[in-house]
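One structure is given below, encoded as structure tokens.
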Amino acid sequence: MEEIKKPGVDLITEKLNRLEGKIDRIYKFFEETDEENLLTVKDLKMYFPVFGGVFSTQVATVKAVDGVSFKVKKGETIGVVGESGCGKTTLGRAIIGLYKPTAGKVIFNGQTGAVDLARLDRGEFKPYRKDIQMIFQDPYASLNPRMSVGEIIREPMDIHNPEMSEREKLDKVKWLLNKCGLREEQSARYPHEFSGGQRQRVGIARALATNPEIIIADEPVSALDVSIQAQVINLMMDLQEEFGLTYIFIAHDLAIVKHISTRIAVMYLGNLVEIGDADEVYNNAKHPYSRALLSAVPQPDPERKDKNRIILEGDVPTPLNKPSGCSFRTRCPIAKSECAAKIPELKDTGNGHMVACPFWKTEF
Amino acid sequence: MENFYTLHYSNCLNKLRKDYLFIFSALTLFFFLALAIFAPLISGVNPIIAKSKDGSLKFPAFNSNPGTENYKWAIYPINPYDENKRDIKCFSSPPGKKHFFGTDQIGRDVFARVIYGTRAIMKVGFYSTFFSMIIGFFIGFIIAWDSIIATVFRLIISIFNTLPPFLLLIIVITLNGRSLENVIIAIVISRWGYVANAIGNWCKYFISMEFVQAAQIMGRKSWQIFIKHLIPNLTEIFLILILVTFSFSILMEVSLSFLGLGIKPPTPSWGTLIAESWDQIISGDGAWWMAFFPCIMLAILFVSLNIFIEKLNFAFNPEKKMLIKK
Ligand SMILES: Nc1ncnc2c1ncn2[C@@H]1O[C@H](COP(=O)(O)OP(=O)(O)OP(=O)(O)O)[C@@H](O)[C@H]1O
Ligand code: SF4
Ligand SMILES: [Mg+2]
């Protein structure tokens, strides 16, 4: 058969090839984000410049978050633990866009498709703000004392749902108050008339007002009484079940994190050192730092292997001046000379339990 | 629906209503205000109400240029002297029936001069506070957010604030000459930096609070946060700043006048009165009443102003923390 060759076919093939390349790249992007992961944090870095001297020049850099990667599936709760100052709050704020990350990606895969939040400017970010919300640590500072609880809860709706009528907004405020264990008539009251636990419920209601997919909770109960902590945690878990919420739960209380989380991530000096299923990490921590951290928790948990308490020596280095290589090496009981050379990467040790230490099998 | 302001301020008022010291200081301040406004009704050469020959009622005391006229009848102020009228029969006479607070060495009535002196003080206080607050308010908001302009302003403010305010005042007055306007300008120049700093720091404080971050996470723009979340939280601070600045302006006015750098004589000001008698007392023919009455008035005004500020400060703030340091 005679081959029919029309002019322009070459051109079309060329164009098709190019298009294929583009599709490839787009496909790769989606592969990275893969469907089931609602949020993918890739190599996120958040550095703060430190100014000083006579002319206010930059004299140093605080590496508060220094290359953190993890994925969050829809409906799960990731608990982020670590000592004070290790960068948990900064991580949460960089994800939610309160800080513009220095480097890295925050790929949010919501209903409108995947998008890298870290690259968006303020205006572009706005449509996604309703999908990611935050619950704050301080129940006294997180509510404007000059607004009634009703006004506080409806503020997000005023911004994101201008199509809702006044009636609908009021109804939704009441509904949210009920859902969060408060009474409808309390919407006219002011924050100072509420207890810490009740205020935190108001904060939760505000976070829920725009039907978010992810809620970042930055130590939401650490300012509350122990008896009230459990109530708020249980409320959060009930709401998660009802609305299919996804939580990133930041805390330093390991027992609470274990209770609410499906997975636990352990941070040290701006890096993730271990991440895995909550039970795995809690009962069978592998990274020397996590083992030390967990051995310090007094726990009447019969399942847990009885471990001797590991006491770490030395102080936490400052994120201003991090040790080279593994940042834990100045305190690590099994540190080797190789540890100073290279920053260890998170490696899967089975069942998705990732550990950033090549020597984790070493006993100590 | 009761809103925050009615609720919160009625709480504060209830607290203050039971505080006799606060009520006393408030009444005293009102008294001084009234004294300044109604000075011509208490002391002056023109009648308060008068029926003129053509049968119409007139209020010459409030007329800046009443002229001389014969009235059918007239009600005169209790003290028939104004601030500059000289009683040539009484030089340096002690307090008595005719001159309540005595007279000075050229026969002017001290009572009248003290009362009219209130006017000068209040005028300087009001205008300097008004302009210092306006300038300080806007610059305070600029320095609350980090930017290059903010850095420049902060530098300027710190220079102004390290200079002793009094030195600044003296420089401005010496350069521009003595007058009411120049006193006001000088006070504003030495005060705006303080106000801007206070507003800027309080804004910074509120911006660092989590409720502002919550608003940012919701997608509120900066100016919306400013209007909805910052301004409502600044009202009390603003009120107290006004009072503190007022008290500062009065003190500065009195001190300047005492040094002979204030309002030009013969317009009376308490500071001038004290300074004039000072010379007398030093030279030996002491006329104590010339210094005593302005000093007493000054002391009463200052003490009540300070009590007033302190009580408000505490009432607004249940944690017994001063909102503004003086
Ligand atoms: N805006 C900022 N500018 C400069 N340094 C910052 C800033 N925010 C945080 N840091 C520094 O980054 C490091 C991490 O702070 P971060 O608040 O994230 O810690 P954290 O883990 O939340 O601690 P905590 O448990 O006390 O809340 C700290 O050393 C802190 O000093
Ligand atoms: S890499 Fe080295 S220093 Fe770091 S945790 Fe492992 S053994 Fe310790
Ligand atoms: Mg924190």
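List of remarks:
- Residue B:263 part of a helix (DSSP H, G or I) and among the β-branched types (Val, Ile, Thr): no
- Residue tally, condition surrounded by fewer than 13 Cβ atoms within 10 Å (Cβ to Cβ) and part of a loop (DSSP other than H, G, I, E, B), over the range A:315-344: 6
- Taken as a whole, the range A:101-110 holds no residue that is open to solvent by less than 10 Å² (accessible area, probe 1.4 Å) and within 16 Å of ligand 3 (Cβ to nearest atom).
- Considering residues of the range A:89-122 that are within 14 Å of chain B (Cβ to nearest Cβ) and basic (Lys, Arg) only, the residue farthest from ligand 1 (Cβ to nearest atom): A:122
- Residue ID - nearest to residue A:248 (Cα to Cα), chosen from residues in the range A:75-86 that are within 8 Å of ligand 1 (Cβ to nearest atom) and open to solvent by less than 10 Å² (accessible area, probe 1.4 Å): A:82
- Hey, residue A:91 more than 16 Å from ligand 3 (Cβ to nearest atom) and open to solvent by less than 40 Å² (accessible area, probe 1.4 Å) or not: no
- Residue within the range A:214-224 that is within 13 Å of chain B (Cβ to nearest Cβ) and among the polar types (S, T, N, Q) present: no
- Members of the range A:123-139 found to be at the interface with chain B (Cβ under 8 Å from one of its Cβ atoms) and part of a helix (DSSP H, G or I), listed by number: A:125, A:126, A:129
- Scanning the range A:197-223 for residues that are aliphatic (A, V, I, L, M) and either open to solvent by 20 Å² or more (accessible area, probe 1.4 Å) or within 17 Å of residue A:78 (Cβ to Cβ) (or both) returns A:207, A:214, A:215, A:216, A:217, A:221, A:223.
Residues checked against (1) at pLDDT 90 or above; (2) polar (S, T, N, Q); (3) open to solvent by less than 10 Å² (accessible area, probe 1.4 Å):
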residue: B:114; (1), (2), (3): no, no, yes
residue: B:119; (1), (2), (3): no, no, no
residue: B:147; (1), (2), (3): no, yes, no
residue: B:151; (1), (2), (3): no, yes, no
residue: B:166; (1), (2), (3): no, no, no
residue: B:171; (1), (2), (3): no, no, no
residue: B:177; (1), (2), (3): no, no, no
residue: B:187; (1), (2), (3): yes, no, yes
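- Test: residue A:203 is within 16 Å of ligand 2 (Cβ to nearest atom), among the small types (Gly, Ala, Ser), touching a strand residue (DSSP E or B) at 6+ places or on another chain (Cβ under 8 Å) and at pLDDT 90 or above: no
- Scanning the range B:222-236 for residues that are of a type in the set (Ser, Thr, Tyr), in contact with a Lys or Arg (Cβ under 7 Å, 6 or more places away or on another chain) and over 22 Å from residue A:206 (Cβ atoms) turns up nothing.
- Residues being more than 9 Å from ligand 2 (Cβ to nearest atom) and hydroxyl-bearing (Ser, Thr, Tyr) - total across the range A:310-353: 4
- Considering (1) open to solvent by less than 30 Å² (accessible area, probe 1.4 Å); (2) within 24 Å of residue B:192 (Cβ to Cβ), the lone condition that residue B:215 does not fulfil carries the number (2).
- Output for the range A:170-185, where each listed residue is more than 19 Å from residue A:240 (Cβ to Cβ) and either in contact with a strand residue (DSSP E or B) (Cβ under 8 Å, 6 or more places away or on another chain) or open to solvent by less than 20 Å² (accessible area, probe 1.4 Å) (or both): A:173
- Cβ-Cβ under 7 Å pairs, at least 6 apart or on other chains, the range A:51-62 side touching a residue at least 12 places away in the same chain (Cβ under 8 Å), far side of a type in the set (D, E, K, R): none
- Hits in the range A:140-151 (condition: within 8 Å of chain B (Cβ to nearest Cβ) and either within 17 Å of residue A:182 (Cα to Cα) or surrounded by fewer than 24 Cβ atoms within 10 Å (Cβ to Cβ) (or both)): A:141, A:143, A:145, A:146, A:147, A:148
- Within the range B:49-66, residues that are under 21 Å from residue B:82 (Cβ atoms) reach partners that are among the charged types (D, E, K, R) and at pLDDT below 70 with beta carbons closer than 7 Å, at six or more positions or on different chains, in the pairs B:52/B:69.
- Check on residue A:356, over 27 Å from the mean Cα position of the chain (by Cα) and within 12 Å of ligand 2 (Cβ to nearest atom): no
- When the helices (runs of 4 or more DSSP H) confined to the range B:135-212 are screened for residues that are within 21 Å of the chain's Cα centre (by Cα), those reaching at least 3 such residues are found at B:165-176, B:180-207.
- Flag for residue A:162 being open to solvent by 10 Å² or more (accessible area, probe 1.4 Å), touching a His at 6+ places or on another chain (Cβ under 8 Å) and within 14 Å of chain B (Cβ to nearest Cβ): no
The values are calculated or read from the model by the stated rules, or taken from the named source; none is laboratory data. Being a predicted model, the structure only gives us computed values, none of them experimental. Methodologically, a virtual Cβ is constructed for each residue, glycine included, from the backbone with ideal geometry; neighbour enumeration extends over all protein chains shown. Quick note on the areas: whole protein, heavy atoms, side chains included, nothing else; ligands and nucleic acids left out. Shrake-Rupley method; radii C 1.70, N 1.55, O 1.52, S 1.80 Å.
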